[in-house]
Amino acid sequence: MTTGQKAVVRDEALRDDDRRMPRHVAIIMDGNGRWAAARGLDRTFGHKKGVEALRTTVSHADKLGIEFLTLFSFSSENWSRPQTEVRQLMGLLRLFIRRDLADLHKANVRVRIIGARDDLAGDIRSLLDEAEELTRGNTGLNLVVAFNYGARNEIERAVRRLAEDVEAGRLKAADIDSAAIGSRLDTADIPDPELIIRTSGEQRLSNFLLWQAAYSEFVFLPVLWPDFSPEDLERAIDDYLGRDRRFGGLTTKGRAVP
Ligand code: IPE
Ligand code: IPE
Ligand code: MG
């Protein structure tokens, strides 16, 4: 991204331009284990270092004027890792909220959590509730933490709620449409991500935002998450800005194709 572009990021006019900043960037933070292994260290060190990259990324996304930043922190499938690693990841979340919540609040960041909360330990649930409660009124960056998140699980829960509404006579089956489904997802009032970044070189979604990613642009970076820098974020956004988003139509870059 050029400095000129950066300067106008918060300019609403840019949002109407065909090279506008993404409102919502989602990141699959992958590669902590490989980062540690490459240094002959335990995976633990990779996760710790990953939290530092997370902090830097949140503050840079805020600076760039991104409205929503979603970070995939723990998937519904990550429970299948060794118990010691799961325990460490839970510990890191606790530590992050305890250490960083006050600073995030001061920076006017609104924290939201998506994922299945019921399966989590009681103290973690309370911390997540506290983070959301404390920052509810904030008007800056929306930091969406996907924790114990799996898109199929999210869709299952939404469909179950739909079925309950139909059973209770609150909703007719004929009225089920995209909006009815979308409004029952964890991301109900969050716009779909324009850009999804995955680090570590893997090129898959791993059960992340399946519904919301219908028209997202993807940027896969070879960098391991602990090495992810503000420049990597800007490069990914630059890449996104050069994409031609057609949504099934025939226009390109806002101009009709002859
Ligand atoms: C991402 O790094 C962090 C989580 C999935 C919690 P990994 O732990 O998946 O690192 P790799 O993919 O094994 O290198
Ligand atoms: C996806 O990474 C989940 C998170 C980044 C939290 P994984 O490392 O769990 O994904 P797979 O197993 O390589 O697909
Ligand atoms: Mg991984």
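The values are calculated or read from the model by the stated rules, or taken from the named source; none is laboratory data. Just so you know, these numbers come straight off a predicted model, no measurement behind them. For neighbour counting, all protein chains shown are included, and Cβ atoms are generated from backbone atoms with ideal geometry for every residue, glycine included.
Could you name every one of the helices (runs of 4 or more DSSP H) located completely within segment 140-258 that has at least 2 residues being within 16 Å of ligand 2 (Cβ to nearest atom) and among the small types (Gly, Ala, Ser)?
Numbers: elements: 151-167, 178-182, 230-241.
So the answer is none; nothing clears 2.
Can Trp211 be described as at pLDDT 95 or above, touching a Ser or Thr at 6+ places or on another chain (Cβ under 6 Å) and under 25 Å from Asn148 (Cβ atoms)?
Details: at pLDDT 95 or above: yes; touching a Ser or Thr at 6+ places or on another chain (Cβ under 6 Å): no; under 25 Å from Asn148 (Cβ atoms): yes.
So Trp211 does not fit the description; no.
Would you be able to say whether some residue in segment 59-82 is β-branched (Val, Ile, Thr) and either part of a helix (DSSP H, G or I) or within 13 Å of ligand 1 (Cβ to nearest atom) (or both)?
Start the filter on segment 59-82 by keeping residues that are β-branched (Val, Ile, Thr), which leaves 66, 70.
Restricting the remaining residues to those that are either part of a helix (DSSP H, G or I) or within 13 Å of ligand 1 (Cβ to nearest atom) (or both) gives none.
No, the conditions are met nowhere in segment 59-82.
Take the residues of segment 83-138 that are in contact (Cβ under 8 Å) with a residue 24 or more places away in the chain, basic (Lys, Arg) and assigned to a helix (DSSP H, G or I): which is surrounded by the most Cβ atoms within 10 Å (Cβ to Cβ)?
Here the answer is Arg94.
Here are some conditions: (1) out of contact with any Asp or Glu (no Cβ under 8 Å at 6 or more places or on another chain); (2) buried (at least 18 other Cβ atoms within 10 Å of the Cβ). Tyr149 meets all but one. Which one does it not meet?
Failing condition for Tyr149: (1).
Taking segment 21-62 only, how many residues are touching a helix residue (DSSP H, G or I) at 6+ places or on another chain (Cβ under 8 Å), away from ligand 3 (no atom under 16 Å from the Cβ) and among the polar types (S, T, N, Q)?
2
Among the residues of segment 154-161, is there at least one that is within 21 Å of Val25 (Cα to Cα) and not aliphatic (A, V, I, L, M)?
Looking through segment 154-161, at least one residue is within 21 Å of Val25 (Cα to Cα) and not aliphatic (A, V, I, L, M).
Just checking, which of Asp177, Asp227, Asp165, Asp232 is of a type outside the set (Val, Ile, Thr) and exposed (fewer than 10 other Cβ atoms within 10 Å of the Cβ)? Before you say what the answer is, go through the steps one by one.
On the way: Asp227 fails: exposed (fewer than 10 other Cβ atoms within 10 Å of the Cβ); Asp165 fails: exposed (fewer than 10 other Cβ atoms within 10 Å of the Cβ); Asp232 fails: exposed (fewer than 10 other Cβ atoms within 10 Å of the Cβ).
When all the criteria are applied, what remains is Asp177.
Touching a residue at least 40 places away in the same chain (Cβ under 8 Å), surrounded by 13 or more Cβ atoms within 10 Å (Cβ to Cβ) and more than 16 Å from ligand 3 (Cβ to nearest atom): does that describe Leu143?
Details: touching a residue at least 40 places away in the same chain (Cβ under 8 Å): yes; surrounded by 13 or more Cβ atoms within 10 Å (Cβ to Cβ): yes; more than 16 Å from ligand 3 (Cβ to nearest atom): yes.
The answer is yes for Leu143.
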